[in-house]
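The values are calculated or read from the model by the stated rules, or taken from the named source; none is laboratory data. Keep in mind that what you see is a predicted model, and the values were worked out from it rather than measured. When the accessible area is computed, the model is the full protein with side chains, heavy atoms only, and any ligands, DNA or RNA have been set aside. Shrake-Rupley method; radii C 1.70, N 1.55, O 1.52, S 1.80 Å.
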Amino acid sequence: MSVNLSKGQGISLEKADGGSLSAVRMGLGWKAAPRRGFFGKRAKAIDLDASAVLFAAKNPVDVVFFRHLVSDDGSVRHTGDNLVGGAGDGGDDEAIRVDLQQVPAHVDQIVFTVNSFTGQTFAEVENAFCRLVDELNGQELARYTLTGGGSYTAQIMAKVHRAGTGWKMTAVGEPAEGRTFQDLMPSILPHL
């Protein structure tokens, strides 16, 4: 059963049987810009980018994004950059997979962000969402709707952080401005 997340809401990443999730996927989806005009010229392409910043004791130690697709330790992997979006049917256009069992012990938080690289605001992007999925069985655990989100170009979506021997996810849902994760670093730090 999926949870529609709101700002600040947290969910445990434990399975119903009491075990912990071992791998999750943060998926990002959006609808491509529609064709416009008599000759069907496409409006400016919409390029949203998903990123994951790995932190150890509130210090960034690695990042996974469209120019660095795999974390240095191999535990976090980006599926590749989608420059235009998709059909807007709920499928992931970009995804970041996290093998929670392989994340190094010193990494205590992973923060997921979404940026509009081409500069459209989330008020202009159709059917945009971010979701967390159990990578082993494909079950959607949580979803955060981006569409209609306002006149900003980025969002600090959520963080996955260590909780005892397992992991927990907290929806951050903080709007921000910027084309890349680097632009968001000052806005991320207060949420660690």
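Assorted remarks:
- Amide H contacts for Glu135 (H built 1.01 Å from N in the peptide plane; partners 5 or more residues away or on another chain; cut-off under 5 Å): Ala23, Val24, Arg25.
- Taking every alpha-carbon pair under 8 Å whose residues sit at least 6 apart, segment 130-192 reaches a relative contact order of 24 percent.
- Computed over segment 96-173, Kirkwood Rh from alpha-carbon pairs, angstrom: 13.9 Å
- Once the 1.4 Å probe is applied to the protein heavy atoms, segment 72-149 comes out at 41 Å² accessible per residue.
- Sorted largest first, the principal axis extents computed over the alpha-carbon atoms of segment 74-130 equal 40, 19, 16 Å.
- Radius of gyration (Cα atoms) of segment 36-192, expressed as a multiple of 2.2 N^0.38 Å: 1.05.
- To put it simply, the accessible area of segment 101-192 at a 1.4 Å probe is 50 percent carbon and sulfur.
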